[in-house]
1. Cβ-Cβ distance below 6 Å, separation of 6 or more or different chains: which pairs start in region 142-166 with a residue that is closer than 18 Å to G184 by Cβ and without any contact (Cβ under 8 Å) to a residue 12 or more places away in the chain and end on one that is hydrophobic (A, V, I, L, M, F, W, C) and outside any loop (DSSP other than H, G, I, E, B)?
2. Cβ-Cβ distance below 8 Å, separation of 6 or more or different chains: which pairs start in region 8-22 with a residue that is part of a loop (DSSP other than H, G, I, E, B) and end on one that is buried (at least 19 other Cβ atoms within 10 Å of the Cβ)?
3. Looking only at region 108-134, filter to residues that are small (G, A, S) and either open to solvent by 20 Å² or more (accessible area, probe 1.4 Å) or over 19 Å from L225 (Cα atoms) (or both); which one of those is modelled with the lowest pLDDT?
4. Take region 144-158 and flag every residue that is out of contact with any Lys or Arg (no Cβ under 8 Å at 6 or more places or on another chain) and either of a type in the set (S, T, Y) or modelled with pLDDT of 95 or more (or both).
5. With the structure loaded, tell me whether G63 is open to solvent by less than 90 Å² (accessible area, probe 1.4 Å) and touching a helix residue (DSSP H, G or I) at 6+ places or on another chain (Cβ under 7 Å) or whether it fails that test.
6. So which strands (runs of 3 or more DSSP E) stay within region 33-115 end to end and still have 3 or more residues that are in contact (Cβ under 8 Å) with a residue 12 or more places away in the chain?
7. Tell me the residue from D202, D192 that is touching a Ser or Thr at 6+ places or on another chain (Cβ under 7 Å) and open to solvent by 10 Å² or more (accessible area, probe 1.4 Å), please.
8. So which strands (runs of 3 or more DSSP E) stay within region 126-239 end to end and still have 1 or more residues that are of a type in the set (D, E, K, R)?
Amino acid sequence: MTNNLSVVINADAPQVWTMLREPSKVAQWHGWDTDELADEIDKIYFGDNVAEAADHTSLTTDGGDIFDLKPVPTGTLVSVTRAAMDHNSEWAAWDEDITQGWLTFLQQLRFALERHPHGKRHTSSFQVPGKSGSAIEKLGLSDVPKPGENYELTLGTGEEIAGRVWFRSNHQVGLTVHGYAEHGDGLLIVADQPVSEEIRPDGGSLVIISTYDLGASKLESVRALWDGWRAENYPTSEALH
């Protein structure tokens with residue numbers, strides 16, 4: 001398992017480029033549902049310092065991180081190269097979080113294009129402190145099969161889920177989930193966050209649940225299971241949003 005910031009997406013480069021250059025499309029893979037998401041997308045992908053290559057194969061984001069698109073036989077290789085970090089800046093403590101975030105977002109981009117290219121996601125999330133233990137371990141995800149293989153398991157929430165292992169890395173697990181979409185699959189990502197003396201002295205975990213076209217009752221049921229598990233296992237954490 002690695003933290004390689006690249007994915008091969010089963011889509012052609014113009015399709016990937018559209019997902020990078022239309023705000024409504026970026027919102028289907030970048031981050032998760034928050035009141036600030038639209039402003040965040042505008043700054044990162046459409047701010048004053050953003051630069052596009054004329055041939056639509058490279059995009060420099062506002063923070064200096066660079067997306068590169070390269071056609072390959074199985075689709076498009078999408079890579080992110082991090083900008084050099086000024087270790088005296090206010091962002092220095094967040095450097096690893098940004099790297100891990102790009103890894104998550106690349107996988108969400110791949111999922112959006114390959115599974116729901118015309119869909120609209122509903123993405124809930126919550127963070128928990130590390131003092132009570134790894135969320136990957138508590139949820140029973142430490143020993144999922146290799147990426148691409150099918151799985152069936154009962155989460156620590158009590159929910160029985162099945163699908164395919166979407167990806168694994170040093171700190172993250174991504175699973176497609178049959179019950180998280182009216183048609184096709186949704187996506188579950190659980191990321192254990194590293195210790196940072198300045199922002200997270202005990203480490204922590206992030207859980208991201210992307211669903212598609214679920215009815216209000218089913219969506220509320222999924223959210224309630226997750227929020228109940230969070231409250232029971234990490235009582236000091238903030239509620240799912």
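The values are calculated or read from the model by the stated rules, or taken from the named source; none is laboratory data. Remember, it's a predicted structure, so these values are computed and weren't measured experimentally. Cβ: placed from backbone, ideal geometry, glycine included. Neighbour counts: every protein chain shown. For accessibility, only protein heavy atoms count, side chains too; no ligands or nucleic acids. Shrake-Rupley method; radii C 1.70, N 1.55, O 1.52, S 1.80 Å.
1. As it stands, the answer is E152/A162, since those pairs meet every condition given.
2. N10/G75; N10/L113; A11/G75; A11/T76; A11/L113; D12/G75; D12/T76
3. Within region 108-134, the first condition is being small (G, A, S), and the residues that meet it are 112, 119, 124-125, 130, 132-134.
From the residues that got through so far, the ones that are either open to solvent by 20 Å² or more (accessible area, probe 1.4 Å) or over 19 Å from L225 (Cα atoms) (or both) too are 112, 119, 130, 132-134.
On the way: A112: 98, G119: 89, G130: 90, S132: 84, G133: 87, S134: 93.
The residue in question is S132.
4. Filtering region 144-158 down to residues out of contact with any Lys or Arg (no Cβ under 8 Å at 6 or more places or on another chain) leaves 145, 152-155, 157-158.
Selection gives P145, E152, L153, T154, L155, T157.
5. Numbers: open to solvent by less than 90 Å² (accessible area, probe 1.4 Å): yes; touching a helix residue (DSSP H, G or I) at 6+ places or on another chain (Cβ under 7 Å): yes.
Spelling it out, G63 is indeed open to solvent by less than 90 Å² (accessible area, probe 1.4 Å) and touching a helix residue (DSSP H, G or I) at 6+ places or on another chain (Cβ under 7 Å).
6. Details: elements: 58-60, 66-72, 75-81.
Per the criteria, 66-72, 75-81.
7. Working: D202 fails: touching a Ser or Thr at 6+ places or on another chain (Cβ under 7 Å).
It is D192.
8. Numbers: elements: 150-154, 160-168, 172-177, 186-193, 204-212.
Filter on region 126-239 gives 150-154, 160-168, 186-193.
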